1. Inside the stretch 79-115, can you point out the residues that are of a type in the set (D, E) and modelled with pLDDT of 95 or more?
2. Residue check, A237 against (1) of a type in the set (G, A, S); (2) open to solvent by 40 Å² or more (accessible area, probe 1.4 Å); (3) in contact (Cβ under 8 Å) with a residue 24 or more places away in the chain, all met but one. Which one?
3. Do you know which residues across the stretch 243-279 are in contact with a strand residue (DSSP E or B) (Cβ under 9 Å, 6 or more places away or on another chain), among the aliphatic types (A, V, I, L, M) and within 28 Å of P172 (Cα to Cα)?
4. Would you check if A148 is farther than 15 Å from F245 by Cα, modelled with pLDDT of 95 or more and surrounded by fewer than 16 Cβ atoms within 10 Å (Cβ to Cβ)?
5. Checking F271 against (1) surrounded by fewer than 22 Cβ atoms within 10 Å (Cβ to Cβ); (2) in contact (Cβ under 8 Å) with a residue 60 or more places away in the chain, only one condition comes out false. Which one?
6. If you take the residues in the stretch 121-139 that are in contact with an Asp or Glu (Cβ under 8 Å, 6 or more places away or on another chain) and touching a residue at least 60 places away in the same chain (Cβ under 8 Å), which one is nearest to Q270 (Cα to Cα)?
7. Anything in the stretch 155-166 that is open to solvent by less than 80 Å² (accessible area, probe 1.4 Å) and part of a loop (DSSP other than H, G, I, E, B)? List them, or say none.
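The values are calculated or read from the model by the stated rules, or taken from the named source; none is laboratory data. Quick caveat, the model's predicted, so the values are computed rather than measured. Backbone-built Cβ (ideal geometry, glycine too); neighbour counts: all protein chains shown. Heads up: the accessible areas ignore ligands, DNA and RNA and are worked out on the full protein's heavy atoms, side chains in. Shrake-Rupley method; radii C 1.70, N 1.55, O 1.52, S 1.80 Å.
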Amino acid sequence: MRRADLGDADCGIAQALGVLGDWWTFLIVREIAGGTTRFDALQRELGVSRRALTERLGGLVEHGVLHRRPYSTHPPRHDYLLTAKGEGLLPVLVALQDWGTRHVMGDGTLTATAARDSAEARRVHQLVGRRVPELTLGRHDGGAERPAVPGRWTVLYLFPGAFAPGAQGVPPGWDEIPGAVGCTLESRTYADRHERFRAAGAEVRGVSTQRPDQLSAFAAHARLPYPLLSDQDGRLAAGLLLPTFRAGGVDRFKRLTLLVDPEAVVRAVQFPVTDPAGSVDEMLDEVGRRTAAASAPTVSG
């Protein structure tokens, strides 16, 4: 039986598997979402044979999941990029990551945090040195921008969900999910320290998987002086394999903070965050150390 013939012709699962094939395909999409777009780099990251990688990339291009963008003509070389159809797979990757972390690597407990010695925490701290993918996210005020502010240090604090009083959308049992509560306190603490972060040379951005209109209501309520960004399509979550949990029918970030340098490279990580307010002052100290070191004059011998 050919893979394209799997299952019921009217079943979306069977037809999706006919396109996606085996587990290598998901890993290829994962790497491309994270910014690894060239053949040699993909092979190096995945450890797959050139023949197998060529076949799978060709199949994904044929099915419209990827498209090729030339970057060299002599010899011919291409970047492999996600199409709109390919980006539609990102929530699937986020869901697989959550399911694997919770039910395969964990005991099935619903939580918005993690143990400090967990595999999830180790994976998140390995983001240091990774570049934030080039993408844009919607702002709470209707604009759009990259998560990392070009040419500036950026503090990206990712939070599960913040809700204005009386607003719809607070998931059932929210207060009982470990680590979920504290987004308002964290956001207001960043607001109180905003000018100090700027004086230290960093911009602050809050990121959630909530819709821009939900973020707008909260930003107005909390009087935040910095933008909130919406990753409602899971592009940032999938690009950096950020930890998530599912509540109220929505994939949500576990609370974590990234410090990103002016070249969009992650330089420090806070995860897990067990003290939302205290973590803000810790990050302010981290920013001060990093920017002071970056601006210190070099001494030649």
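1. Step one: list which residues in the stretch 79-115 are of a type in the set (D, E), which gives 79, 87, 98, 107.
Matches in the stretch 79-115: D79 only.
2. Answer for A237: the failing condition is (2).
3. Passing the criteria: L256, V273.
4. Values: farther than 15 Å from F245 by Cα: yes; modelled with pLDDT of 95 or more: yes; surrounded by fewer than 16 Cβ atoms within 10 Å (Cβ to Cβ): no.
Against the criterion (farther than 15 Å from F245 by Cα, modelled with pLDDT of 95 or more and surrounded by fewer than 16 Cβ atoms within 10 Å (Cβ to Cβ)), A148 does not qualify.
5. (1)
6. If we filter the stretch 121-139 for residues that are in contact with an Asp or Glu (Cβ under 8 Å, 6 or more places away or on another chain), which is where we start, we get 131, 136-137, 139.
Now narrow it down to the ones that are touching a residue at least 60 places away in the same chain (Cβ under 8 Å): 131, 137, 139.
Values: R131: 17, L137: 22, R139: 23 Å.
Across the stretch 121-139, the extreme among qualifying residues is R131.
7. From the stretch 155-166, those open to solvent by less than 80 Å² (accessible area, probe 1.4 Å) are 155-164; that's our starting set.
Within the stretch 155-166, F159, P160, G161, A162, F163, A164 qualify.
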